[in-house]
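Here is the structure we will look at, set down as structure tokens.
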Amino acid sequence: MTDADTRPSGPFRLGDRVQLTGPKNRLHTVTLRTGGELHTHHGVLKHESLVGLPDGSVVTNSSGHEYLALRPLLRDFVMSMPRGAAIIYPKDAAQIIAQADVFPGATVVEAGVGSGALALWLLRAIGPEGRLLSFERREEFADVARANVETFLGVTPASWEIVVGDLVENLASVAPAGTVDRVVLDMLAPWECIDAVAEALTPGGVVLCYIATATQLSRVAEYIRGTGLFTEPDASETMVRGWHVEGLAVRPDHRMVAHTGFLLTARRLAPGSVLPELKRRASKSSYGDHDVELWTPGAVGDRDITDKNLRKRVREAQRAADGARIAASGADVTGAETIAEATPDFDADPTE
């Protein structure tokens with residue numbers, strides 16, 4: 001994967017995804033095709049009118065309404081791409097990159113891959129010299145992630161490998177002991193993977209867990225402490241509040257993206273090292289069978305996507321990837337199909 005393959009710049013081409021901002025600031029994301037048209041109640045905008053124009057151009061539809069045309073930023077793309085599983089929001093992805101200290105050339109493991117949102121951020125961070133191993137138990141989710149990554153990048157990066165299967169069972173076969181720099185766990189029960197992760201991590205390496213609920217946070221923190229193989233876990237959450245700024249009317253937005261998940265990080269100790277004992281007040285760290293019931297998928301709000309809906313998401317993602325491949329090859333595109341008529345509201349409930 002070269003810089004030319006992934007640099008999102010230059011004139012719009014057939015097969016490119018373009019974000020159009022129309023009247024009332026409504027967003028539409030389309031894939032440019034020969035004969036393609038964007039139909040709204042404000043009129044019709046032909047795809048060919050965008051081809052050859054640079055980013056940031058303004059075009060007019062059949063009714064005289066103006067649209068601002070831009071290539072989607074990565075944060076825009078992940079919010080509008082087809083989803084098999086829930087995505088990690090950009091605010092959390094940025095903190096994951098920072099708190100895990102993901103660097104160019106790093107070997108990174110993530111589980112699970114979900115819809116590929118975090119994989120895109122990680123691939124950018126590690127660069128072409130790094131290596132990303134993404135574990136996913138469901139083949140359908142892996143298909144959606146592959147298609148989404150190829151849609152945005154135009155190619156499947158050579159630095160990326162998806163392993164369909166359980167991390168605990170397969171990690172040792174693809175990553176020898178002590179060779180992994182960073183591990184990101186986005187799953188319901190990350191504590192089940194900590195022992196395998198400890199074996200794979202290099203001394204000083206970072207494990208980061210993305211966790212939805214406080215009960216999950218408590219259990220994984222206590223498990224990490226109990227292994228004696230890591231530094232003291234550090235937990236946080238990130239909330240982003242936008243601001244309305246217009247002249248002297250400066251105030252916080254009425255809505256904000258608040259809690260989406262907790263981030264917990266710890267670093268691998270050197271073999272044989274014992275963490276110095278911390279002096280802290282006694283706390284209730286034990287739990288029983290009743291407490292474990294609070295961490296079941298139903299109790300923590302984990303919702304399964306239906307097979308029918310998942311098949312639809314796979315088809316959407318693969319159609320978008322086909323367009324990106326054609327754009328990268330410079331070939332012509334026929335048909336008037338629009339991949340995504342409208343980008344979802346950025347203020348939508350993050351649990352949806």
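The values are calculated or read from the model by the stated rules, or taken from the named source; none is laboratory data. The shown structure was predicted, so the numbers you read here are calculated from the model rather than taken from an experiment. We place every Cβ from the backbone using ideal geometry, glycine too, and count neighbours over all the protein chains shown. What goes into the accessible areas is simple: the full protein's heavy atoms, side chains included, and nothing from ligands, DNA or RNA. Shrake-Rupley method; radii C 1.70, N 1.55, O 1.52, S 1.80 Å.
Reducing segment 95-139 and segment 186-254 to their Cα centroids gives an inter-centroid distance of 15 Å.
Figure note: 179, 156 ranked by solvent-accessible area, largest first, 1.4 Å probe, ligands and nucleic acids not counted: 156, 179.
Direction-averaged projected area, Cα convex hull, segment 125-265: 11.8 nm², rounded to one decimal.
Ligands, DNA and RNA left out, the accessible area of segment 44-117 computed with a 1.4 Å probe is 57% carbon and sulfur. Label sites at residue 199 and residue 307, each approximated as a point 7 angstrom past Cα along Cα to Cβ, lie 3.4 nm apart. In this calculation the C-beta distance from residue 37 to residue 215 is compared with R0 = 51 Å, giving a FRET efficiency of 0.50.
On a per residue basis, segment 32-146 carries 38 Å² of accessible surface, using protein heavy atoms and a 1.4 Å probe.
Placing pseudo-labels 7 Å out from each Cα toward the beta carbon at residue 25 and residue 75 gives an inter-label distance of 1.4 nm. Model label sites at residue 59 and residue 325, defined 7 Å from Cα along the beta-carbon direction, differ in position by 2.5 nm.
Counting only protein heavy atoms and a probe of 1.4 Å, the accessible surface of segment 137-201 is 48% carbon and sulfur.
Compared with the direct C-alpha span, the chain from residue 13 to residue 156 gains 49.5 nm at full extension, assuming 0.36 nm per residue.
How about segment 151-192: which chymotrypsin sites (Phe, Trp or Tyr not before Pro) there lie in a loop by DSSP and see at most 15 other Cβ atoms within 10 Å? Sites meeting the loop and neighbour criteria: none at all. Applying 0.36 nm per residue to the separation of residue 239 and residue 166 and subtracting their alpha-carbon distance, the gain on full extension is 23.1 nm. Of the trypsin sites (Lys or Arg not before Pro) found in segment 201-283, the ones in coil according to DSSP and having at most 13 other Cβ atoms within 10 Å of their Cβ are 241, 255, 279, 280, 281.
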